[in-house]
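The values are calculated or read from the model by the stated rules, or taken from the named source; none is laboratory data. Model, not experiment: these values are computed from the prediction. Note: ideal-geometry Cβ built from the backbone for every residue, glycine included; neighbour counts use all protein chains shown. In case anyone asks, the SASA skips ligands and DNA or RNA and just uses the protein heavy atoms, side chains included. Shrake-Rupley method; radii C 1.70, N 1.55, O 1.52, S 1.80 Å.
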Amino acid sequence: MSKKNKIFIPCDEANHVCDKNQYKEASLWSLIKLNIHLIYCRACRKYTVNNTKLTKVMKKGEVEYLDTSTKNDMKKEFEKALNDVSN
């Protein structure tokens, strides 16, 4: 049996399918394999629940972002601190 037709998938593949499903890019067969995996894998069920919560929060638009200048300032401070540690 080829690798593509396996029903049981490893956790990393299940998480990848879960991520693809978040953006509506997962195929029906991948979703079937994911759901079979979720039956017996508690860790991936939790990952899927958290991923679903993240998607809902992002769709609501209540996420606050840093402006570009603040990001750049943080990056400069981080690089300075990193250089101070390495010297």
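Selection of first residues in segment 54-73 that are of a type in the set (A, V, I, L, M) and of second residues that are open to solvent by 80 Å² or more (accessible area, probe 1.4 Å), restricted to Cβ pairs under 9 Å at least 6 apart or on distinct chains, gives the following pairs, ordered by first then second residue: LEU66/MET74. Just one of the numbered conditions (1) under 16 Å from the mean Cα position of the chain (by Cα); (2) surrounded by 10 or more Cβ atoms within 10 Å (Cβ to Cβ); (3) assigned to a helix (DSSP H, G or I) is not true of GLU25: (3). Among the residues of segment 61-69, none qualifies, meaning not one is in a helix (DSSP H, G or I) and under 17 Å from the mean Cα position of the chain (by Cα).
For segment 6-18, a residue qualifies if it is out of contact with any helix residue (DSSP H, G or I) (no Cβ under 7 Å at 6 or more places or on another chain) and more than 15 Å from TYR40 (Cα to Cα), and the qualifying residues are LYS6, HIS16.
Considering only segment 75-87, state which residues are more than 30 Å from GLN22 (Cα to Cα) and assigned to a helix (DSSP H, G or I). Before you say what the answer is, go through the steps one by one.
Let us first name the residues in segment 75-87 that are more than 30 Å from GLN22 (Cα to Cα), namely 76-87.
Those that are more than 30 Å from GLN22 (Cα to Cα) and assigned to a helix (DSSP H, G or I): LYS76, GLU77, PHE78, GLU79, LYS80, ALA81, LEU82, ASN83, ASP84, VAL85, SER86.
Exactly one residue among LYS75, LYS60, LYS53, LYS71 is surrounded by 11 or more Cβ atoms within 10 Å (Cβ to Cβ) and either among the basic types (Lys, Arg) or within 19 Å of ILE9 (Cβ to Cβ) (or both), and that residue is LYS71.
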